[in-house]
Amino acid sequence: MENSGKSESILARISGQLAAIEKRDWELWMIVVGTGILTGVALVALLFPAAILHQGVVRLDIEISRELFAGLVALLVLFNTYVISRRMQLRRMREAVISTAVQNELIRLQSFMDPLTEVYNRRSLDDMAGRYIARAHRQQKPLTFMVVDADDFKDINTRFGHLTGDFVLAEIAALLRGAVRGSDSVVRSGGDEFLIIMADAPLEGGQIVRTRIAKSLEDWNRGGHLTDFQLSLSMGLAEWSPGMTLDQVMTEADKEMYAIKAEHKRP
């Protein structure tokens with residue numbers, strides 16, 4: 001989900017800048033039309049006295065000096081050059097406004113992304129979760145949170161090294177992304193902890209996603225990525241209800257996650 005408030009602000013700013021450019025474009029066309037009208041009036045004023053009606057045919061008897069003709073041609077060329085250059089300038093201004101806006105938005109989005117796992121980072125959590133909660137409250141739709149924690153992750157770093165640990169984190173993020181919909185969000189909320197926010201999903205929907213992740217994890221372990229080590233994840237679910245804060249729903253999900261983690265540690 002995009003940050004609707006900031007997106008609306010960005011769109012409003014871009015619209016304002018483009019509107020100012022369109023105004024200049026409109027003013028340019030008014031100059032062109034006005035110049036055309038004045039030129040037409042001048043030609044009529046110049047040619048009318050020289051017009052002779054003879055047997056139903058209008059004939060013009062006019063002489064134009066070479067200097068005047070050259071001046072008119074030069075004026076026409078200069079005017080067209082001005083119009084073309086202004087049009088090109090306005091086009092470049094439009095492109096610059098759009099390009100700058102796109103680049104700024106990419107930079108903003110990158111600041112909310114975790115470069116290792118390519119999911120949202122902790123910095124984005126409060127704002128993003130707040131928007132999900134506001135939307136669920138406004139539309140009276142269900143909203144489920146899932147806390148995911150890698151079991152014995154320190155053992156992975158100790159036995160296989162930190163590079164392998166980073167690889168495992170990236171793989172976990174990929175498994176989580178593959179199990180959710182486009183309307184959901186995956187956040188790396190801590191070192192080896194992730195959060196999934198599932199829009200329009202009751203607790204039962206979260207359980208389906210949890211089962212899907214567990215199946216993908218089984219397939220991943222069969223791939224033999226870690227010698228003599230089975231990666232496991234503890235996943236706790238909590239459904240948001242009206243009046244709950246982010247901390248409260250996270251606490252509920254954490255409780256279930258830690259209970260499952262305790263079960264995983266039993267021999």
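Consider VAL209 carefully, then state whether it is hydrophobic (A, V, I, L, M, F, W, C), over 19 Å from ARG123 (Cβ atoms), in contact with a helix residue (DSSP H, G or I) (Cβ under 8 Å, 6 or more places away or on another chain) and surrounded by 20 or more Cβ atoms within 10 Å (Cβ to Cβ). Yes, satisfied. Among the residues of the stretch 208-240, those identified as assigned to a helix (DSSP H, G or I) and under 30 Å from the mean Cα position of the chain (by Cα) are ILE208, VAL209, ARG210, ARG212, ILE213, SER216.
Per-residue answers, yes or no, for (1) within 26 Å of MET257 (Cα to Cα); (2) over 18 Å from the mean Cα position of the chain (by Cα); (3) modelled with pLDDT of 90 or more:
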| site | (1), (2), (3) |
| --- | --- |
| THR100 | no, no, no |
| VAL119 | yes, no, yes |
| ARG123 | yes, no, no |
| HIS137 | yes, yes, yes |
| THR158 | yes, yes, yes |
| GLY165 | yes, yes, yes |
| ALA174 | yes, yes, yes |
| GLY178 | yes, yes, yes |
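Determine whether THR81 is modelled with pLDDT of 75 or more and either among the aromatic types (Phe, Trp, Tyr) or not in a helix (DSSP H, G or I) (or both). Criteria not met by THR81. Pairing residues of the stretch 201-220 that are under 13 Å from VAL180 (Cα atoms) with residues that are hydroxyl-bearing (Ser, Thr, Tyr) and modelled with pLDDT under 95, at Cβ distances under 7 Å and at least 6 apart in sequence or on separate chains, gives no pairs at all. Is it the case that ASP200 is modelled with pLDDT of 95 or more, within 23 Å of the chain's Cα centre (by Cα) and more than 29 Å from GLU263 (Cα to Cα)? So ASP200 passes the test.
The values are calculated or read from the model by the stated rules, or taken from the named source; none is laboratory data. Note that this is a predicted model, so its numbers are computed, not measured. No Cβ is skipped: glycine too gets one built from the backbone with ideal geometry, and neighbour counts run over all protein chains shown.
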